[in-house]
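The values are calculated or read from the model by the stated rules, or taken from the named source; none is laboratory data. Computed from a predicted structure; not experimentally measured. Note that we place each Cβ from the backbone using ideal geometry, even for glycine, and neighbour counts take in every protein chain shown.
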Amino acid sequence: MLTTAPHLEVRRPSPTTAEFTVTTCPPPTISNRLLLALVFVLRVLLAASVLFLLYLTWPLATLPASTSTTTTTSPEYAQFPGSILWRIHTTESLLVLRGLGIQTTSSSSGATLALALAGGAGAGGGSTTRFIPTEKIRDVLINEAFRGFAVRYYLVVVVDGEEDVVVVFPRLLPGRRIVERVWRGVRGCLWEPQEGGWDSGG
């Protein structure tokens, strides 16, 4: 219940801008929010317990009598990674700006618990972002590859002057229906504007 299969969320702030987000964050229902709140409390208690144990086991520094200067180091509990408390979902997005280009964002951690409790699906820390200008985009294609005995479809951007293609949503690799919908939306927003909406397909 804390994560779901990758699903697509589409935002179109203006006729020339579209954002496609694939996330494993579940819908912000009351039960999901209560469950996330419970997990958050448990993680806070666990982190507090670890910090307390580290504090008890950390040796107290003794000041040497023969010198007036001392060198202090921060204990391990002072450098405790706070991100452990937050990371729970994975979110990747593709922002399309007609006349400017596209921006891909792939998070290594995903949405934070705070955002999930608020009903958002934003990415947490550790995200990788790349912007590709329109004049560098040669094409946007759907490729297929075999993974075991299954065929996986993925969206790629062919960039002028680069040997390797840019894979969109590389960590989640959503299903064919999502890939096709994003492909139609990207092409419609970049090069093929249509009256009545290019994202009408389900």
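For (1) over 30 Å from Leu34 (Cβ atoms); (2) modelled with pLDDT under 95; (3) of a type in the set (Asp, Glu); (4) outside any strand (DSSP E or B), each residue gets a yes or a no:
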site	(1), (2), (3), (4)
Ser93	no, no, no, no
Ser109	no, yes, no, yes
Gly120	no, yes, no, yes
Gly124	no, yes, no, yes
Ile142	yes, no, no, no
Ala145	yes, yes, no, no
Ile178	no, no, no, yes
Arg181	yes, no, no, yes
Trp198	yes, yes, no, yes
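Scanning the stretch 4-59 for residues that are polar (S, T, N, Q), surrounded by 15 or more Cβ atoms within 10 Å (Cβ to Cβ), modelled with pLDDT under 75 and not in a helix (DSSP H, G or I) yields no hits at all.
When the stretch 151-176 is filtered for residues that are of a type in the set (Val, Ile, Thr) and part of a loop (DSSP other than H, G, I, E, B), only Val165 remains. Sub-6 Å Cβ pairs linking a first residue in the stretch 132-151 that is without any contact (Cβ under 8 Å) to a residue 40 or more places away in the chain and of a type in the set (Asp, Glu) to a second residue that is surrounded by 12 or more Cβ atoms within 10 Å (Cβ to Cβ) and assigned to a strand (DSSP E or B), at least 6 apart or interchain, are Asp139/Val158; Glu144/Tyr153, ordered by first then second residue.
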